[in-house]
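The values are calculated or read from the model by the stated rules, or taken from the named source; none is laboratory data. Predicted model only: the values in this text are computed from it and were never measured. Using ideal geometry, Cβ is built from the backbone for each residue, glycine included, and neighbour counts are taken over all protein chains shown.
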Amino acid sequence: MTHTQWKWTSQSTLTTLASLVLILLAGGCASNSNPTANKDLAGGYQALDQNQFDAALASADDYLTRSPHGPGSAEALYLRGRALTDRVASSEAESKANLQAARVAYVQALQLNPRQPLDAYIRTSLANVAYFQDDYKTSYQQWSIAYDHLDNKELQSWVLYKIGRSLQRLGQFEQADRTFTAVQRQYSGSSAAQNAREAQGQRQFYVQLATFNSADSARRASDGVRRMGITPIVTSNSNSQHILRIGPYASFQQASSMRARFATEYPDALINP
């Protein structure tokens, strides 16, 4: 997923590294974006790689109109899902609608029983959408099925890490920690392993409301939160920015409810971990 997405889907993008995760989990690098090399869809994949999402969507839809159940239909649905997931949205409502339409396309593609590795890429992309929709049961299930069939080690490392994150948000902390241990063991020295090490052992959730460059701005915002009867937490990061958080909360659901409470004032609030 790219930075051009509407802010609702960017709430889980904590760092530049996390953006790389989203790009990988959307279906792989550009060289892997066409798993079965369907020549009829080559133009659509080229458009996708060039961020021409409407053109990629048109290519997929044209193929599906001509051959709704043909040998390349699953791949056309995969391309359709990719284009819908990545294209620019003008509002939160449109972004949500795009993600749901992409999810439908991925489910329809799987119903056509595609071969590997296309099946794994479709499941990986479906899991990515489900994760953004806070459907962590589905993201865990689909990434778990896809993992062994992926043909890209870097992608595998991130998928295993995201499986751990899904387990965390399901409240299955011990299983999440075992998964993070596996990431560090199997992909030692990788960026995914570093993220897994940082995520390991977390048992509570925080809502990160905003990040401020000015200490005065952070203090004023903190005072506003305190007037609502909630004790805020202000910390600093390595860039000397001031981070305003609330929490901790025992479950992701509790944290999500608090994020919704502050959605009007802090629409970009995100939940950690």
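Of note:
- Total residues in region 150-170, condition in a loop (DSSP other than H, G, I, E, B) and at pLDDT 95 or above: 1
- Only one of L112, L155 that is out of contact with any strand residue (DSSP E or B) (no Cβ under 9 Å at 6 or more places or on another chain), within 22 Å of G72 (Cα to Cα) and in contact (Cβ under 8 Å) with a residue 40 or more places away in the chain: L112
- Where a residue in region 43-71 is touching a residue at least 12 places away in the same chain (Cβ under 8 Å) and closer than 22 Å to P114 by Cα and its partner, wherever it lies, is in a helix (DSSP H, G or I) and of a type in the set (S, T, Y), with Cβ under 6 Å and at least six apart: G43/S59; G44/S59
- Region 127-149 - residue that is at pLDDT 95 or above and of a type in the set (D, E) and, of those, nearest to S256 (Cα to Cα): D135
- Residue within region 214-236 that is in a helix (DSSP H, G or I), of a type outside the set (S, T, N, Q) and within 24 Å of W158 (Cβ to Cβ) present: no
- Within region 137-150, the set of residues being within 22 Å of F252 (Cα to Cα) and surrounded by fewer than 22 Cβ atoms within 10 Å (Cβ to Cβ) comprises K137, T138, Q141, S144.
- Of the residues screened, A105 is not one that is closer than 30 Å to G70 by Cβ and surrounded by fewer than 18 Cβ atoms within 10 Å (Cβ to Cβ).
- Within region 56-86, the set of residues being surrounded by fewer than 24 Cβ atoms within 10 Å (Cβ to Cβ) and touching a Ser or Thr at 6+ places or on another chain (Cβ under 8 Å) comprises Y63, L64, S67, G72, S73, D86.
- For first residues located in region 164-187 and of a type in the set (D, E), partners that are assigned to a loop (DSSP other than H, G, I, E, B) and surrounded by fewer than 23 Cβ atoms within 10 Å (Cβ to Cβ) and lie 6+ apart or on another chain with Cβ distances below 7 Å form the pairs D177/Q200; D177/G201.
- Counting residues in region 198-210 that are part of a strand (DSSP E or B), among the aromatic types (F, W, Y) and more than 15 Å from R259 (Cα to Cα) gives zero.
- Single condition V183 does not satisfy, out of (1) β-branched (V, I, T); (2) over 21 Å from the mean Cα position of the chain (by Cα); (3) buried (at least 17 other Cβ atoms within 10 Å of the Cβ): (2)
- Of the residues contained in region 191-206, none is found to be surrounded by 11 or more Cβ atoms within 10 Å (Cβ to Cβ), farther than 30 Å from Y161 by Cα and out of contact with any Ser or Thr (no Cβ under 7 Å at 6 or more places or on another chain).
- Within region 188-215, the set of residues being among the β-branched types (V, I, T) and free of Cβ contacts under 8 Å to residues at least 60 places away in the same chain comprises T211 only.
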